[in-house]
Amino acid sequence: MLQQTTVAAVLGRYDGFLRRFPTLRSLARATEPQVLAAWSGLGYYGRARNLRLAARQVVAEHGGKLPRDPSELLLLPGFGEYTAAAVASIAYGVPTPAADANVTRVISRLFALRGVAGSGSHRRAVAGLLAGLLPQGRPGDFTAALMDLGQLVCTPKKPGCPRCPLAQPCAARDGEPERFPRRRSKPRVQSAHLAVADARRKGRVLLVVRHGTLLARMWRHPFGEGSTPAEARRRLVTELTRLGLTLVSGAPSGSARHTMVNRRLAIAVYPAALDPKTRIRNLESVRWFRPSDLARAAVPTLTRKVAVAAGFLRR
C-alpha cells in the first residue's frame, strides 16, 4: 500500500483491508472486484490485483504460507527485488539487503555514493554496501531502523543531520547531503480534459466498467478524453451512443480536477439520459448505483469526485 502512496492515505485503508482479508487464504478466495473495492481510493490498482494473485499462488503452491526464500518470493506477482528482500528480512530474519527509497538515501549519503537513484549500477552499489552492514541477528530490525531513519531524519530535503545517530561516520555530513543520491528527472506533467456523463434513474447513477482502458475493471462514469474540452465532449458523445445514452444538455453541470501520476485532468460533467429511441446496450458492463453502493464497490477516487461534482454524493 505504501508504494507511491503516503502514510496518511494508507492509514485510512490498512486496518479495514486486514479486517476484510485477515489471512492469505481469505484474500485468495476473494474476487477481484471485492479486493478492488477494499482498495478503493488508494490508486495504482495493479498493486491490489497482484496482491490477490500472489495470495492465490501462495495457497496453490506453498500451502498458504508465504515463502521465506527471496528467490521464491520473486516469483510471486507484484514482487520485485525490494519487496522480496524486505519480506524475507523483516518477516523471517533472512540477512538480505532490502533498500527502499529511504534506505537508498541513507546509504547514498553515508558513503557519499554517486550515481542516479533507480539505475541498475546504483541499486547494485547500495545493495553491496548494505550487505556489508547487515547484522546476522535481527537483520529485519536493522532494515526497519534504516527505513525510519530515512523517513524521519535523513529526509530528502533539510535532513536533520545534528540529531542523526550516523552523523559521525556519514561522508556527506560536511558537504551537501541533499546532493545524494541524484534523482531522475520527473516526467513532464501532461494536461488532459475529460467530459463525463452523469446519467441517473430512480435515484441511481449509471457507471460502466471497461477492460484495457483508463481505470480498467473499475466502475466509472462514461467519459471521453481529449486535448481540448470540445474534443473530450465529442468522444463522450461517441461513447454514449455505443451505450444507448444521450446528452441532456450541451453545457456542463459541474466540474472537478484530478491528478493521476503525472496527468492533470480537467473534468466537465454533463447530464445524460437514456436515449428514448433505443435501449441501453452492453448490460454486462453497465450498472446503476445508489449513493450507498459506492462505498462497497470497486470505485476509484475519480468516480467519487465526479459524483460529488454532479451533486450525487455529498463531500
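What follows draws every value from the coordinates through simple rules; no lab data is involved. Worth saying up front: this structure is predicted, and the values here are computed from it rather than measured. All Cβ positions, glycine included, derive from the backbone under ideal geometry; neighbour counts span all protein chains shown.
Odds and ends about this structure:
- Phi to ³J(HN,Hα) by Karplus 6.51 cos²θ - 1.76 cosθ + 1.60 over the stretch 298-315, Hz, x for Gly, Pro: 7, 10, x, 4, 4, 5, 5, 4, 5, 4, 5, 4, 7, x, 7, 10, 7, 5
- Here's the list of lysines a cross-link from residue 277 could span, going by alpha-carbon distance under 22 Å and ignoring same-chain residues fewer than 8 apart: 202.
- For the stretch 1-76, a crude dipole built from +1 on the beta carbon of Lys and Arg and -1 on the beta carbon of Asp and Glu, taken about the Cα centre, is about 220 debye to the nearest 20.
- Bridging of residue 157 to lysines at a Cα separation below 29 Å is possible for 186, once same-chain residues fewer than 8 apart are set aside.
- Net charge dipole, the chain: roughly 1100 debye, given to the nearest 20, about the Cα centre with Cβ charges of +1 for Lys and Arg and -1 for Asp and Glu.
- Estimated 222 nm signal from helices in the chain, with DSSP H stretches of n ≥ 4 weighted -39500 (n - 2.57), rounded to 500: -12000 deg cm²/dmol
- Among (i) 24.8, 84; (ii) 24.3, 74; (iii) 23.8, 78, the entry derived from the coordinates for Rg and Dmax of the Cα atoms in Å: (iii)
- Whole-angstrom gap from the stretch 107-148 to the stretch 186-243, using each part's C-alpha centre: 44
- Considering only 104, 303, 278, the Gaussian network model of the chain with Cα springs below 10 Å gives its largest mean-square fluctuation to 278.
- Pairwise Cα inverse-distance average, inverted: Kirkwood Rh of the stretch 246-315 (Å): 13.9
- Sites residue 50 and residue 19 - FRET efficiency at Förster radius 30 Å, r taken between beta-carbons, to 0.05: 0.90
- Selected from 60, 207, 6, residue furthest toward positive end of dipole (the chain; charges at beta carbon): 207
- Between the Cα long axis of helix 101-110 and the first principal axis of the chain there is an angle of about 30°, rounded to the nearest 10.
- Helix 229-243 axis, angle to the chain major axis (alpha carbon atoms, nearest 10°): 70
- For the chain, built as a Gaussian network whose Cα springs stay under 10 Å, the top-fluctuating residue of 11, 240, 207: 11
- Note on the stretch 43-156: with charges restricted to the Cβ of Lys and Arg (+1) and Asp and Glu (-1), its dipole about the Cα centre is near 240 debye.
- Tilt relative to the chain, helix 46-62 - C-alpha long axis, 0 to 90 degrees, to 10: 60
- Between 83, 299, 252, the Cα set farthest toward the positive side of the dipole of the chain (charges on each charged residue's Cβ, about the Cα centre) is that of 252.
- Cα-derived Rg over Rh, computed across the stretch 157-315 with Rh taken as Kirkwood radius: 1.23
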